[in-house]
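See below for the structure under consideration.
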Amino acid sequence: MNYRELIILLPCHSLEDFPTYHEGDDAHSLLASWSALWHPELLAGAGQAPTWRRVDDPPTDVQGRLIVVPSVCHARLPSGFAQRVKDEGGVLIRNTASREEILAAALGQNENKIPPSPESPAPSPPPSPDLVADFLALGYCYLQIELLTRQMRYASNLDETYFKTTAVAAATAAMEGNETLAREKLSACFSVLAEERDHYYPVDAFVLDLNFAASTTLGDTLRDELSKTGPTNLLISADLLTEMLAKHPATFAALQEALAAGRVSLIGGEASEDRLPLLSHESILAQLRNGLAQYQQLLGQQPKIFGRWRYGLTPHLPGILHRLGFQGALHAGFEDGKTPEGVQFKVRWEGLDGSAIDAIAKSPLDAVKPQTFLSLATKLGESMDSDHVATIGLAHWPGQASPWIDDLRRIARYCSALGKWVTLEEYFSKTDHPGQLERFEPGRYRSPYLKQAVIRKHDDPVTTIVRSWQDEASRTAASALTALSTLVAGKTTDSDLAATLTANSSGPRGCLVINPCSFVRRMGIEGLKLSGLPTAERPVYSADEHQGIQHAVVDVPAFGFVHLTPGPVAPRDKKTPLLVEDGVLRNEFFEAVINPTTGSLAAIHEYKSRGNRLSQQLALRLPGAKQKPGDTYRDPDESAVYSVMAADSIDTTIATTTLGEIVTRGRLLDANGQRLAGFMQTYRLWRGSRVLQVEVELDPTEEPRAEPWNSYYCCRFAWPDELAELNRTLNETRAPVSEKKFESPHFIEINDGKN
């Protein structure tokens, strides 16, 4: 049967208030119901384009009419309307989940029509599925252009009579088997829609399609994505490329072909994605160089666009990327953590060193969700309003995008009304440069590393990166010693270096202290095995022994050494005080007071100023009571519950004129006096040092809760000036702290303006 009219019922009064806010199945149903009516068989049979009516004002004459009801309108359909449509010879389609189901129901009515007589001419073959899909894409494009016109605050300038008449003519040609004429008419329809868009936005808008790669998507799904004609972009690490070549050579060959044809832009950088904010500049540079070399070896080319799936952007990257020859960067976060967004989609990303690189600074839309395509006109209109280069980004895993992305691809073959599809390389090279620089301060990034490590049950979620830095420091020191050995001895073994440096010395056996750093260090040396203590004169600052163990404080020059030898036996200078007295550690610069009740650090006093500089204690933090629905919001930090320290013993373990050490042992208790953990805290102070060393050992009884930022064992510090500024390390540089949760591999600085 041929329908007299094609109607969709909508929950709005006009297209001005078209419900683009729906999500999930409701969004999918709205798009499916609208676009299904543009099937060429339905258009040719009705002889007119589809129309829409308000769901609370359905047509009174329903005979011979096809009426489609999206899921969002089911509850608002007048009672008895469905039965009236059935009784009066109309067709009502509802409770359908997809466009295919709607078409099956609508076209299935033709199965009962009278078969043609033998004298009738043979019917034309049905239009090809590809042509049918183009008609459905036309319906989607028409809806989005109408919504975009209103989003941009313009009145429609579309010649609807010509547009709809041409669409019906195209459908008639398609049903008659004249595909060439049908495509010509379709092209005319798309051109009219493009002209309508040009009326209020006459320059190009762009669509960036972004595919993510993972070990599970390197097979057929990715190969299908790479075979599509539209431009796309692939985010893939060098290690995944190596895996692709080994396990999916057909996909690797398809990638090579797509790269050669210019259909795909490669996004990447490192071989494997590490925690860049916690590394040094040299480590970041080495990892990027290693990754780029691996890309070059595998593909014969390197990615020109930097990007990564895992959280790990840092304000220091622009300078490094620029010097490595990257054309642009993807400044967006795709997993946990917080990555700041730019004011515009395309920005000039400025690093902390003043270097800059073009970057995408807004997260792409999720191409898996149908609401992305329902609200496409809204998002595109917002970009046209605010971005100097109007752009829509669509991100998805291979083979997992919403079917509406295929409609967008088809539209792009005919016109750029809803955006021109380009690769990122083309986008960065052919679009205008941003007019201003955008700098993202360190405090705007929020790392997920601790939470991820706890969820994944890593053995050591906190200090893994600290040990990594210690290993790097050891490697750096070893390299410096090797260089020094080569310069001095012409050989590369430490024993040769020691022998060469002390070759001219005579007398009793000594000890060689070497400084591999580029600055003078005052070093505390413990466990000397000399026949007597070295003399306390330059470069030896102080020397003493405790229970037969010798220790000394030595000033060692940069990249230099000190050869310690035993001096003449002399009685201890009674005027030089011991560094420990009555639970207090003190030297020339400050004193540290240990609390006898808790075993914590009660205070640090500097002789040049009054007042306490810093206090410290151990604790187990537990989250407070859960908030009930309707309660006023409370900051978790305000409601958190902390344990208290109870000292069982405070022992002075070393008390000399050179080194002082106090060890406290005790328990962490809850409010009811129950043991949560045992602790041992060791305080050490060397003469001539401005550093109080604190070493903590815990024996936990109570496990922290699952949320690591709200439940943990900790050192709690307190200082007197609440206006003091905090600084931390980021890629070995000093960065201000504005956020409450941050990571700092080297230090936390408390600056009160004077100290």
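The values are calculated or read from the model by the stated rules, or taken from the named source; none is laboratory data. Note that the coordinates shown come from a computational prediction; the quantities given were computed from them, not determined experimentally. A quick note on method: Cβ atoms are made from the backbone with ideal geometry, for glycine too, and the neighbour counts reach across all protein chains shown. Heavy atoms of the whole protein, side chains included, go into the accessibility calculation; ligands, DNA and RNA do not. Shrake-Rupley method; radii C 1.70, N 1.55, O 1.52, S 1.80 Å.
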Output the qualifying pairs, or none if there are none: Cβ atoms under 8 angstrom, residues six or more apart or on different chains, first residue in segment 710-726 and small (G, A, S), second residue loosely packed, with under 14 Cβ neighbours inside 10 Å.
S711/R705; A724/N751; A724/D752; A724/G753
Given the structure, is E732 open to solvent by 80 Å² or more (accessible area, probe 1.4 Å), charged (D, E, K, R) and closer than 24 Å to L601 by Cα?
no
Can you pull out the residues in segment 572-581 that are assigned to a loop (DSSP other than H, G, I, E, B) and either aliphatic (A, V, I, L, M) or more than 13 Å from A536 (Cβ to Cβ) (or both)?
K574, P577, L578, L579
With the first residue restricted to segment 169-184 and required to be in contact (Cβ under 8 Å) with a residue 12 or more places away in the chain, and the second required to be of a type in the set (D, E, K, R) and in a helix (DSSP H, G or I), Cβ contacts under 7 Å at 6 or more apart or on different chains are A169/K185; A170/K185; A173/K185; M175/E41
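Does segment 365-373 contain at least one residue that is assigned to a strand (DSSP E or B) and open to solvent by 10 Å² or more (accessible area, probe 1.4 Å)?
Taking every residue of segment 365-373 in turn, at least one turns out to be assigned to a strand (DSSP E or B) and open to solvent by 10 Å² or more (accessible area, probe 1.4 Å).
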Of the numbered conditions (1) open to solvent by 10 Å² or more (accessible area, probe 1.4 Å); (2) within 27 Å of P461 (Cβ to Cβ); (3) touching a residue at least 60 places away in the same chain (Cβ under 8 Å); (4) of a type in the set (S, T, N, Q), T664 satisfies every one except a single condition; which is it?
(1)
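Please work out which residue is surrounded by the most Cβ atoms within 10 Å (Cβ to Cβ), limiting yourself to segment 583-595 and to residues that are part of a loop (DSSP other than H, G, I, E, B) and touching a strand residue (DSSP E or B) at 6+ places or on another chain (Cβ under 9 Å).
Start the filter on segment 583-595 by keeping residues that are part of a loop (DSSP other than H, G, I, E, B), which leaves 583, 587-589, 595.
Imposing the further condition that a residue be touching a strand residue (DSSP E or B) at 6+ places or on another chain (Cβ under 9 Å) reduces the set to 583, 587, 589, 595.
On the way: G583: 17, N587: 22, F589: 14, N595: 18.
Looking at residues that are part of a loop (DSSP other than H, G, I, E, B) and touching a strand residue (DSSP E or B) at 6+ places or on another chain (Cβ under 9 Å), I get N587.
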Within segment 1-31, work out how many residues are open to solvent by 10 Å² or more (accessible area, probe 1.4 Å), touching a residue at least 40 places away in the same chain (Cβ under 8 Å), closer than 21 Å to D57 by Cα and part of a helix (DSSP H, G or I).
3
Go through (1) within 27 Å of the chain's Cα centre (by Cα); (2) not in a helix (DSSP H, G or I) and name the single condition Y427 misses.
(2)
Take R705 and tell me if it is within 34 Å of the chain's Cα centre (by Cα) and either open to solvent by less than 50 Å² (accessible area, probe 1.4 Å) or among the polar types (S, T, N, Q) (or both).
no
Which residues, taken from segment 694-729, are outside any strand (DSSP E or B), within 20 Å of S447 (Cβ to Cβ) and hydroxyl-bearing (S, T, Y)?
S711
P59 meets each of (1) at pLDDT 90 or above; (2) under 30 Å from L148 (Cβ atoms); (3) within 45 Å of the chain's Cα centre (by Cα); (4) not in a strand (DSSP E or B) with one exception, condition (3)
What tally of residues in segment 590-625 results from selecting those that are under 21 Å from K740 (Cα atoms) and not small (G, A, S)?
8
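Please find, within segment 530-542, the residue that is nearest to R687 (Cα to Cα) out of those that are assigned to a loop (DSSP other than H, G, I, E, B) and open to solvent by 40 Å² or more (accessible area, probe 1.4 Å). Even if it seems obvious, please write down each step before you answer.
First, the residues of segment 530-542 that are assigned to a loop (DSSP other than H, G, I, E, B): 530-539.
Now restrict to residues that are open to solvent by 40 Å² or more (accessible area, probe 1.4 Å): 531, 533, 535-539.
Details: S531: 22, L533: 16, T535: 15, A536: 12, E537: 14, R538: 14, P539: 14 Å.
Going through the qualifying residues, I end up with A536.
For segment 341-350, give me the residue count where each residue is assigned to a loop (DSSP other than H, G, I, E, B) and in contact (Cβ under 8 Å) with a residue 40 or more places away in the chain. Can you show your working first?
Restricting attention to segment 341-350, the residues satisfying the condition of being assigned to a loop (DSSP other than H, G, I, E, B) are 341-345.
Now restrict to residues that are in contact (Cβ under 8 Å) with a residue 40 or more places away in the chain: 342-345.
Residues flagged as assigned to a loop (DSSP other than H, G, I, E, B) and in contact (Cβ under 8 Å) with a residue 40 or more places away in the chain within segment 341-350 amount to 4.
Just to be sure, is E545 assigned to a strand (DSSP E or B), on the phi < 0 side of the Ramachandran plot, out of contact with any Asp or Glu (no Cβ under 9 Å at 6 or more places or on another chain) and open to solvent by 50 Å² or more (accessible area, probe 1.4 Å)? It would help to see each step written out before you state the result.
Numbers: assigned to a strand (DSSP E or B): yes; on the phi < 0 side of the Ramachandran plot: yes; out of contact with any Asp or Glu (no Cβ under 9 Å at 6 or more places or on another chain): yes; open to solvent by 50 Å² or more (accessible area, probe 1.4 Å): yes.
Yes: the conditions hold for E545.
Of the residues G527, G611, only one is in contact (Cβ under 8 Å) with a residue 60 or more places away in the chain and surrounded by fewer than 14 Cβ atoms within 10 Å (Cβ to Cβ); which? Break it down stepwise before answering.
Working: G527 fails: in contact (Cβ under 8 Å) with a residue 60 or more places away in the chain.
G611 is the lone residue from the list that is in contact (Cβ under 8 Å) with a residue 60 or more places away in the chain and surrounded by fewer than 14 Cβ atoms within 10 Å (Cβ to Cβ).
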In segment 43-56, anything outside any loop (DSSP other than H, G, I, E, B), closer than 26 Å to A133 by Cβ and either among the acidic types (D, E) or out of contact with any helix residue (DSSP H, G or I) (no Cβ under 7 Å at 6 or more places or on another chain) (or both) is listed as G45, A46, T51, W52
Could you check L374 against (1) modelled with pLDDT of 95 or more; (2) over 22 Å from E16 (Cβ atoms) and say which number it fails?
(2)
Any idea which of (1) modelled with pLDDT of 95 or more; (2) open to solvent by 10 Å² or more (accessible area, probe 1.4 Å); (3) closer than 23 Å to E196 by Cβ; (4) not small (G, A, S) is the one W397 doesn't satisfy?
(3)
Among the residues that make up segment 738-748, is at least one of them part of a strand (DSSP E or B), at pLDDT 90 or above and open to solvent by 60 Å² or more (accessible area, probe 1.4 Å)?
yes
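Against the definition (without any contact (Cβ under 8 Å) to a residue 40 or more places away in the chain and more than 18 Å from the chain's Cα centre (by Cα)), how does Q327 come out, yes or no?
Working: without any contact (Cβ under 8 Å) to a residue 40 or more places away in the chain: no; more than 18 Å from the chain's Cα centre (by Cα): yes.
It is false that Q327 is without any contact (Cβ under 8 Å) to a residue 40 or more places away in the chain and more than 18 Å from the chain's Cα centre (by Cα).
Listed here are the residues, each with its yes/no results for (1) touching a Cys at 6+ places or on another chain (Cβ under 8 Å); (2) open to solvent by 40 Å² or more (accessible area, probe 1.4 Å); (3) closer than 30 Å to L131 by Cβ.
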site	(1), (2), (3)
D407	yes, no, yes
R413	no, yes, yes
L418	yes, no, yes
T423	no, no, yes
Y427	no, no, no
D432	no, yes, no
G443	no, no, no
R446	no, yes, no
Kindly indicate whether G753 is open to solvent by 40 Å² or more (accessible area, probe 1.4 Å) and among the small types (G, A, S).
yes
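Does V580 satisfy being surrounded by fewer than 18 Cβ atoms within 10 Å (Cβ to Cβ) and more than 48 Å from the chain's Cα centre (by Cα)?
Numbers: surrounded by fewer than 18 Cβ atoms within 10 Å (Cβ to Cβ): no; more than 48 Å from the chain's Cα centre (by Cα): yes.
For V580, the condition - surrounded by fewer than 18 Cβ atoms within 10 Å (Cβ to Cβ) and more than 48 Å from the chain's Cα centre (by Cα) - is not met.
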What's the number of the condition R153 fails, among (1) part of a helix (DSSP H, G or I); (2) open to solvent by 70 Å² or more (accessible area, probe 1.4 Å)?
(1)
Name the single residue, out of those in segment 548-568 being assigned to a strand (DSSP E or B) and β-branched (V, I, T), that is most open to solvent (accessible area, probe 1.4 Å).
I549
Name every residue in segment 18-31 that is in contact with a strand residue (DSSP E or B) (Cβ under 9 Å, 6 or more places away or on another chain) and either under 18 Å from E101 (Cβ atoms) or of a type outside the set (A, V, I, L, M, F, W, C) (or both), in order of residue number.
P19, L30
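Considering only segment 16-40, how many residues are within 17 Å of A182 (Cβ to Cβ) and at pLDDT below 95? Please lay out each step first, then the result.
To start, the set of residues in segment 16-40 that are within 17 Å of A182 (Cβ to Cβ) comprises 38-40.
The next check asks that each one be at pLDDT below 95; those that pass are none.
Residues that pass the stated criteria total 0.
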